[in-house]
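The values are calculated or read from the model by the stated rules, or taken from the named source; none is laboratory data. Quick caveat: nothing in here was measured; it's all calculated off a predicted structure. When we count neighbours, we look across all protein chains shown, and the Cβ atoms used for this are built from the backbone with ideal geometry, even at glycine.
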Amino acid sequence: MINIIKIKGIGNKKKEILNKKKIYNVIDLLNNIPKKYININKHTRINELKSGDIGFFKCKVINVPISKKVKGYLITKIHVMVEDKHAYLVFFNQKYIAKKFLKDQELWVEGKIKVIGSIIEIYPRICEETDNRNENISILINKYHFECQELMKNPPTELIEVLKKRLVEETNKQSKSKDQP
């Protein structure tokens, strides 16, 4: 098996991170391609969006969150700056969400946009604090995903042999199960 350390861009630190996720070689990488990941290199410009669009932003908390009950729903709004625009992150019925946010905290947010006059509301699906660790892991996942794609364009012969062997084993299993009553 080809060890992941041989992949360009993966050193000992990244190897340790992947090993914690039980990824030790290229086959493990291929069997664990992420279903979803956030590409922090492609965040959205808020000026380019309209109501109903989903965007991904880096923002900064301006004021502490404000929570109030409206028609039986607890609504929490967090005043943020996205680029040079004021906006609000809006959460419903999340009693403890206000404790997660601090003034001047920077966040990565993915969410649906609603524009009401000059007010921009963002209904987050994903909201993560920006720190180097999360950004590095996200960059690593992106890199590993694209490294896998590049590797599949010109796969090493050892990988092809392993995949052929697995295909033969799987085919044999299927034919044996059909033969049994």
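Residues being in a strand (DSSP E or B) and either surrounded by fewer than 17 Cβ atoms within 10 Å (Cβ to Cβ) or acidic (Asp, Glu) (or both): count how many of those fall in region 59-73. Talk me through it step by step, then tell me what you get.
At the first step, the residues of region 59-73 found to be in a strand (DSSP E or B) are 59-61, 66-70, 73.
Now drop any that are not either surrounded by fewer than 17 Cβ atoms within 10 Å (Cβ to Cβ) or acidic (Asp, Glu) (or both), which leaves 60, 66-70, 73.
The qualifying residues number 7.
Being under 27 Å from Val109 (Cα atoms) and either of a type outside the set (Ser, Thr, Tyr) or modelled with pLDDT under 70 (or both) narrows it down to one of Leu29, Leu49, so name that one. It would help to see each step written out before you state the result.
Values: Leu29 fails: under 27 Å from Val109 (Cα atoms).
Step by step, each of Leu29, Leu49 is checked, and only Leu49 is under 27 Å from Val109 (Cα atoms) and either of a type outside the set (Ser, Thr, Tyr) or modelled with pLDDT under 70 (or both).
Say we look at region 4-26 and pick out the residues that are modelled with pLDDT under 80 and not in a helix (DSSP H, G or I); which of these is surrounded by the most Cβ atoms within 10 Å (Cβ to Cβ)?
Ranking the candidates gives Ile7 first.
Please count how many residues of region 65-99 are aromatic (Phe, Trp, Tyr) and within 23 Å of Ile46 (Cα to Cα). So that I can check it myself, show each step before the final result.
Filtering region 65-99 for residues aromatic (Phe, Trp, Tyr) gives 73, 88, 91-92, 96.
Next cut, within 23 Å of Ile46 (Cα to Cα) only: 88, 91-92.
Residues meeting the conditions: 3.
Which ones in region 63-122 are among the hydroxyl-bearing types (Ser, Thr, Tyr) and under 21 Å from Gly52 (Cα atoms)?
Thr76, Tyr88, Ser118
Does at least one position in region 103-113 carry a residue that is farther than 21 Å from Ile46 by Cα and polar (S, T, N, Q)?
No: region 103-113 contains no residue that is farther than 21 Å from Ile46 by Cα and polar (S, T, N, Q).
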